[in-house]
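Structure first, then comments.
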Amino acid sequence: MPDKTAPPHHAGHRDRLRSRFATSGGESLADYELLELFLFRSIPRRDVKPLAKDLIARFGDIGGVAAAPISALTEVKGVSEKTAVDLRLLQAVSARMAREGALDKPVISSWQALISYCRTAMQHELVEQFRVLFLDKKNRLMADEVISKGTVDQAPVYPREVVKRALAHEASAIILVHNHPSGDVTPSTADIEITKTIVAASAPFNIVVHDHLIIGRETTASFKTMGLI
């Protein structure tokens, strides 16, 4: 007869995983193991290794798990709404930390930090999202806003609204950013045309459009690099 007073078999596993992390850091752990560590606090009395693997299998990687909608997360057996909210917290914290790495710094010297922030915030979005980064006279990031969200292949953008928000922030320059959930970062004809329209609408107010970035799952495209702006 099993000893009902004995600790559950996964208790030792949790201690070993924590010890590995404390000794060697996250680089020593697989994605599902890092996710396990996070789930330990959300689900304290159950073996979460199978759940961590199921989540990675469903959403692709930790970033995909953290960015998944709560409704999609709770479709996975074993994920309560509380746990889904905890997982979404991962995305919010990651995006906030990445943003802090770029905030109040000249974009020229912090370009990679800016790209990292945009990718963290947008690469796993399931629908198109159009974001504008607002820069001051010294080209430092002051603020950013999601101007619109749409479907899997388009987000409605109104140039007048972009200029309105830039004036509200007293921005001297802006960077346009949107994601392609398909993963293909090739600019569409509509992407090129809306960029031209925003550039033209911004010019009378001396607002410079520095770039338009397209964020994909694996890569990022720059209109400036491609000679489109």
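The values are calculated or read from the model by the stated rules, or taken from the named source; none is laboratory data. Because the structure is predicted, anything quoted here is derived from the model rather than measured. Positions of Cβ are backbone-derived with ideal geometry, glycine not excepted, and every protein chain shown enters the neighbour counts. Calculation scope for accessible area: heavy atoms of the full protein, side chains included, ligands and nucleic acids excluded. Shrake-Rupley method; radii C 1.70, N 1.55, O 1.52, S 1.80 Å.
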statement: Note on the stretch 18-31: residues open to solvent by 60 Å² or more (accessible area, probe 1.4 Å) and not acidic (Asp, Glu) are 18, 19, 20, 21, 22, 23, 24
- request: For residues that are open to solvent by 20 Å² or more (accessible area, probe 1.4 Å) and either out of contact with any Asp or Glu (no Cβ under 9 Å at 6 or more places or on another chain) or under 25 Å from residue 217 (Cα atoms) (or both), tally how many sit in the stretch 48-66.
  value: 11
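Does residue 155 qualify as being farther than 24 Å from residue 91 by Cα, of a type in the set (A, V, I, L, M, F, W, C), in a loop (DSSP other than H, G, I, E, B) and open to solvent by less than 30 Å² (accessible area, probe 1.4 Å)?
It is false that residue 155 is farther than 24 Å from residue 91 by Cα, of a type in the set (A, V, I, L, M, F, W, C), in a loop (DSSP other than H, G, I, E, B) and open to solvent by less than 30 Å² (accessible area, probe 1.4 Å).
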3 or more residues of a type in the set (D, E, K, R) and open to solvent by 60 Å² or more (accessible area, probe 1.4 Å): qualifying helices (runs of 4 or more DSSP H) within the stretch 67-149: 81-100
- prompt: Considering only the stretch 117-165, how many residues are out of contact with any Asp or Glu (no Cβ under 7 Å at 6 or more places or on another chain), among the polar types (S, T, N, Q) and modelled with pLDDT under 90?
  reply: 3
